[in-house]
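Asker: What follows is a single structure, and I will ask about it in a moment.
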Amino acid sequence: MENENFSENIKEDIPNINIILILGISSIVFSWFYGLPGIAIGILSYSYCRKMSELLKFNPNVLNYKGLRRFKYGKAFTIFGLVVSILFFIMYLVSVLFTIFSTTN
């Protein structure tokens with residue numbers, strides 16, 4: 001019984017999972033600031049996601065259910081944050097260009 005709890009604690013102790021989750025949520029939050037901070041944070045979080053995906057591909061038993069669930073949520077937040085940040089950045093560029101071209105005519 002004690003060995004099972006010990007192995008579960010070892011499986012859960014991977015710090016990149018919490019970093020991916022925090023950065024994924026931060027990319028959504030910072031997407032409101034013209035998109036650029038959200039894009040930068042999203043790219044950083046996505047690079048962590050790719051590293052963790054490679055780790056899971058070669059060793060799928062590294063995470064328990066709770067850690068895998070956190071990883072999936074963090075990856076979903078990262079992708080959502082990147083998409084929203086890119087859309088906000090495009091909308092900001094369009095509004096700036098529209099303002100510039102409408103004032104010159």
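Asker: Suppose a student asked you for the relative contact order of segment 2-104, using Cα pairs under 8 Å spaced at least 6 residues apart; what percent would you report?
Answerer: Numbers: 123 pairs, mean separation 41.5, N = 103.
40 percent.
Asker: Continuing with the same structure: Which angle from 0 to 90°, rounded to the nearest 10, does the C-alpha axis of helix 36-58 make with the longest principal axis of the chain?
Answerer: Roughly 30 degrees, rounded to the nearest 10.
Asker: Per residue of the chain, what 222 nm ellipticity follows from adding -39500 (n - 2.57) for every DSSP H run with n ≥ 4, rounded to the nearest 500?
Answerer: Numbers: 4 runs with 89 residues, N = 105.
Helices in the chain give a 222 nm mean residue ellipticity of -29500 deg cm²/dmol.
Asker: Moving on to the next point. Exactly which chymotrypsin sites (Phe, Trp or Tyr not before Pro) in segment 37-82 are in a DSSP loop and have at most 12 other Cβ atoms within 10 Å?
Answerer: Qualifying residues, ordered by number: none.
Asker: Just rank Ser27, Ser47, Ser95, fewest to most, by other beta-carbon atoms within 10 angstrom.
Answerer: Ranking Ser27, Ser47, Ser95 by Cβ neighbours within 10 Å, fewest first, gives Ser95, Ser47, Ser27.
Asker: Among (1) 46; (2) 49; (3) 41, only one was calculated for this model; which label is it, if the read-out is percent of Cα pairs over 20 Å apart?
Answerer: Read-out taken from this structure: (2).
Asker: So how tilted is helix 65-104 from the main axis of the chain? Cα-based, degrees 0 to 90, rounded to 10.
Answerer: Taking the Cα atoms of the chain, the angle to 65-104 is about 10 degrees.
Asker: Assign unit charges at the C-beta atoms only (+1 for Lys and Arg, -1 for Asp and Glu), then state the dipole size of the chain relative to its Cα centre in Debye, rounded to the nearest 20.
Answerer: Using Cβ point charges on Lys, Arg, Asp and Glu, the chain gives about 280 debye.
Computed from the coordinates by the stated procedures, all read-outs in this text should not be read as laboratory data. Keep in mind it's a predicted model, so treat the numbers as computed, not measured. A quick note on method: Cβ atoms are made from the backbone with ideal geometry, for glycine too, and the neighbour counts reach across all protein chains shown.
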